[in-house]
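See structure below.
The values are calculated or read from the model by the stated rules, or taken from the named source; none is laboratory data. Every value quoted in this text rests on a predicted model; they were computed, and no experiment measured them. With ideal geometry, Cβ positions are generated from the backbone for all residues, glycine too; neighbour counts draw on all protein chains shown. Only protein heavy atoms, including side chains, enter the accessible area calculation; ligands, DNA and RNA are left aside. Shrake-Rupley method; radii C 1.70, N 1.55, O 1.52, S 1.80 Å.
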Amino acid sequence: MSKSAKLDLGEKQIELPIIEGSEGERAVDISKLRAETGFITMDNGFGNSGSCESKITFIDGEKGILKHRGYTIENLSEKSSFLELAYLLFNQKLPSADELTSFKGKITERSRIPEGIKALIKSFPKEAHPMSIASAAMVALSAHYPELTDQDLNDSQKNEIFPLLLGQFKTIAAAIYRHGQGESFVDPDPSLDYTADFLYMMKGKQVNPEIAKALDVLLILHADHEQNCSAATVRVVGSSKANLFASLSAGIDALWGPLHGGANQAVLEMLEAIQKDGGGYEKFISKAKDKEDPFRLMGFGHRVYKNFDPRAKVIKSYCDEVLEALETEDPLLDIAKGLEKTALSDEYFVSRKLFPNVDFYSGIIYKALGIPTNMFTVMFALGRQPGWMSQWRELVESPAMRITRPRQIYQGKTDEKL
Ligand code: SDX
């Protein structure tokens, strides 16, 4: 296989190096293109452009494969735990039993949030969208932990800030929920594991282990997803050497959008609209296919997966298990399954390779766990934190790191005079 690509630009020819990844992906390295030819490339939405080389997550969109540090998402969701995966993502290796115990202990010790953060959460209107509070609280943490806002954190500071943020954001997320319910905050219980403690602080009482386990699997499935919109945002902000709190806050903002993490909330709202409309989803399928109609089938389609999102497969199978364990039923699950079946036999979706993504079924489980729809994207952020922090760490530790600053082609007016 050639190690370089030849580009003939008419008046110029150039040879560009080819980069090959450990899973066989290939890229043309255009770092020297503008300097040597004056040309840049254009790629709307960066669907064909690599921003970095990474060792964290691999996705094969055509085959529906997702791996973290070489472990498949199926293997991890069955055999690992959210905090073990978080450790693997941060530290490039699975923790020993002692390392995991110490990591969990650090997170537990750092789960109480400053009074100032509680006051900030309470300062928001009760009806505020939880993602607005999550983003504000995340960046506000920088004022409470100024010793962790250096532009170049050393290893001991990195090993401090990762468990700190996992502990703090768990409590912040639960407090945001309580604020929205008009209830007082519940402090963390150090005797409880991560998801059991989150649910305890959210509900004000201990929940059965089945529920805590179901949430742990959901957090595993959301932990990282290579250069998605919010992870790319974390990297862009991190590339200016803004601190990690600021980078994560920007990641939360990017995730909020209904085309990204906000889709999990939009899916539930769509399923409830179908239910309210008598349960007939054909009308919604037609709307999704109508170019004149802005409506999209939320939870369907993906920039990278042109096959089933492997996370959606795990969540779909888990829905039945969780509903059975909770001895509850949800008609929305039947609507979702019918919608999926109909869409996957419709030429419009088949020809565009539009399959259910991670957001299509996740809301069914969140709802069964008693989590309200407007909190779904905060739950996505809770799961995605280790991924964002690992992407940030890989960026700032890379010798190749430079500030992200794309170019453009100017199409505006020229030679105007006042
Ligand atoms: C996440 O990137 C990640 O990894 C993200 C994520 C993660 O873990 O971080 O996986 C999480 O964000 C999942 C995606 C959640 N979003 C949604 O479910 C919203 C609905 N989906 C779409 O809006 C869309 O599929 C995107 C945003 C997910 C992807 O958009 P693309 O890659 O820009 O695709 P596109 O808009 O160019 O669509 C290609 C075609 C178009 O039709 P044509 O112009 O070719 O005729 O497919 C159509 C689109 O109109 N299309 C849809 C559709 N998604 C794409 N038509 C109807 N319903 C949809 N959902």
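What to note about this one:
- Dividing the C-alpha radius of gyration of the chain by 2.2 N^0.38 Å, with N its residue count, gives 1.04.
- Over the chain, accessible surface divided per residue gives 49 Å², non-protein components excluded, 1.4 Å probe.
- All Cα pairs of region 4-50, percent lying beyond 15 Å: 50
- At most 11 other Cβ within 10 Å, DSSP loop - trypsin sites (Lys or Arg not before Pro), region 289-350: K291
- Stretching the chain fully between A35 and E282 yields a gain of 83.6 nm (0.36 nm per residue, less the alpha carbon separation).
- Net charge of the neighbourhood of D293, taken over other residues with C-beta under 12 Å away and scored Lys/Arg +1, Asp/Glu -1, is +3.
- Summed over qualifying helices (DSSP H, 4 residues or more, each -39500 (n - 2.57)) and divided by its residue number, the chain shows a 222 nm mean residue ellipticity of -16500 deg cm²/dmol.
- Computed label-point distance, nm, for sites E127 and L259 using a 7 Å Cα→Cβ extension: 2.8
- Considering only Cα atoms, the convex hull volume of region 310-360 works out to 69 Å³ per residue.
- Three-way shape label, region 263-368, alpha-carbon gyration tensor, a/c 1.5: oblate
- Percent carbon-and-sulfur accessible area, the chain, ignoring ligands, DNA and RNA, probe 1.4 Å: 50
- Here the simple spin-label model places points 7 Å from the Cα toward Cβ, and for E23 and K213 these points are separated by 2.9 nm.
- Loop-located trypsin sites (Lys or Arg not before Pro) in region 20-91, at most 15 other Cβ atoms within 10 Å (DSSP): K32, K55, K63
- Residues listed by number, region 30-51, amide nitrogen under 11 Å from K12 label point at 7 Å toward C-beta: 32-41
- Annotation: amide H-H contacts under 5 Å for F300 (H modelled 1.01 Å from N, sequence separation of 5 or more, or interchain): N357.
- On the beta carbon distance between T342 and D189, with R0 = 41 Å, the FRET formula returns roughly 0.35.
- Residues in region 246-272 reached by a label modelled at T373 [backbone nitrogen below 12 Å; 7 Å Cα→Cβ]: 264-272
- In plain terms, the chain from H144 to K353 could stretch by 70.6 nm, reckoned as 0.36 nm per residue minus the Cα-Cα distance.
- Ignoring aspartates and glutamates fewer than eight residues from K283 along the same chain, the ones with Cα atoms less than 15 angstrom from its Cα are E272, E292, D293, E340, D346.
- Cα shape, region 1-154, gyration tensor, a/c 1.5 rule: prolate
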